[in-house]
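Scroll down for the structure; my scribbles are underneath it.
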Amino acid sequence: QDELEKKYVSLVQSYGLDLKIVQEQFLTSRDEPPKSVNAPPIAGALSWCRGLVERIQIPMRKLQELDRTILEREEAKEVHKVYKTIEASLQEYENQKIEEWGRDVEASSAAKLKLPLLVRHPE
């Protein structure tokens, strides 16, 4: 039982390191997120952001299934706090990008609606 508890604590610590890596990646790349070749800038940024969210959510769900004694330890509480902070930052970034996209669409669609549909070809 004691050996298993040590493994769980090691797992929580490892996840904490992974959270710090994700946070560091987010903070360094948030202004110029990596994008796929065929994606528009905002769609690429959203895809990258959602990838980071998924990267931290899946292990957290599995950690939630651990024994309560492990989750009540100080290390686990600290990891959970870091997780919530990163998750909130990523959610805020995603909302900001969606709002930015909405403003761009409104501005460009208003300009495009003023353009003529048909143009005479000079012969």
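No value in this document is a laboratory result; all are computed from the given coordinates. All of these numbers come straight from a predicted model, not from anything done at the bench. Reconstructed Cβ throughout: ideal geometry from the backbone, glycine too, with neighbour counts over all protein chains shown.
Can you find even one residue in the range 77-88 that is surrounded by 14 or more Cβ atoms within 10 Å (Cβ to Cβ), part of a helix (DSSP H, G or I) and among the small types (Gly, Ala, Ser)?
no
For residues in the range 12-40 being in contact (Cβ under 8 Å) with a residue 12 or more places away in the chain and charged (D, E, K, R), which is surrounded by the most Cβ atoms within 10 Å (Cβ to Cβ)?
Among them, the one singled out is 30.
Every residue in the range 89-114 that is among the charged types (D, E, K, R), closer than 27 Å to residue 55 by Cα and either surrounded by fewer than 12 Cβ atoms within 10 Å (Cβ to Cβ) or touching a strand residue (DSSP E or B) at 6+ places or on another chain (Cβ under 7 Å) (or both), please.
Within the range 89-114, 92, 99 qualify.
Which of the residues belonging to the range 61-76 are touching a Leu at 6+ places or on another chain (Cβ under 9 Å) and either crowded, with 18+ Cβ neighbours inside 10 Å or touching a residue at least 40 places away in the same chain (Cβ under 8 Å) (or both)?
Selection gives 63, 66, 67, 70, 76.
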